[in-house]
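I have placed the structure first, in the form of structure tokens, so that the comments after it can refer back to it.
Throughout, read-outs are computed from the coordinates displayed, never taken from laboratory work. No experiment lies behind these values; they were computed from the predicted model shown. Positions of Cβ are generated from backbone atoms using ideal geometry, with glycine treated the same way; all protein chains shown enter the neighbour counts.
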């Protein structure tokens, strides 16, 4: 907190002349853009007590005038000096008691950029979820680049400014959509898994996920559309899809190596490139299923391919 005191008649001048004696203006400035002016007669409040040693009456040259004014102003400064500190202390205590709670609340409520201040409240969480769902549907139907924040705001019944309150940019909204879909899939199918510990369990989870995708065409469409758009390095989801494919290929490779160590991989199976082959199979099946859902069974085709690679059936 920065406190500045200005004693009007002792420091201020009008047209080169000192202000006349009278009430003194004490301005307390607190470093939040708030100025509080207290008008009082310092001569009546700042009289030194008999037990105090009068302060020095040295006056800055810029306060001084010529002739007798210099002596009079020096005497006023000496009498006022003792009272200024008392007024400042009293004023600051009063101002602090009024403004400190506000300052603390305003600092505590600050959120990282891109995160809504209302995200911690039930109503804010509900609204945020509604926006994410509306963006999910819009991105899945027309793509990320063709969707606008105005359209998404209209779809979920909020204003453009209301949408910006939760998600300042479309990139932040896209990140929230992808994060939410990963969270849901992780909780449904991959909670607590370890591909290096049990490869067969991993492929069972992966097959169930692909089968589940056949019940959520919007999700499959979202990833199909975004993965093509994200091939452009300038796309905001480019890094996300690069990392996603790398993680899935790594998990497939770990699962195959674990099964190979247990002697459950068919002889002649090239596990070195099988991770990329299975990724290509899954992505290709999704596109074919989107074009003709009735003729493509994604889960069955994946299980068939796994049975050609493994000596055991994937549960």
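Of everything in region 139-159, what is exposed (fewer than 13 other Cβ atoms within 10 Å of the Cβ) and in a helix (DSSP H, G or I)? Give them in sequence order. If you could, list the steps in order and put the result at the bottom.
Step one: list which residues in region 139-159 are exposed (fewer than 13 other Cβ atoms within 10 Å of the Cβ), which gives 146, 150, 157, 159.
Once the filter is applied, which keeps residues that are exposed (fewer than 13 other Cβ atoms within 10 Å of the Cβ) and in a helix (DSSP H, G or I), region 139-159 yields only 150.
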Exercise. Quick check, is residue 162 farther than 22 Å from residue 239 by Cα and assigned to a loop (DSSP other than H, G, I, E, B)?
Worked result: no
Problem set entry | Single condition residue 191 does not satisfy, out of (1) in contact (Cβ under 8 Å) with a residue 60 or more places away in the chain; (2) over 30 Å from residue 145 (Cβ atoms); (3) within 31 Å of the chain's Cα centre (by Cα) | (1)
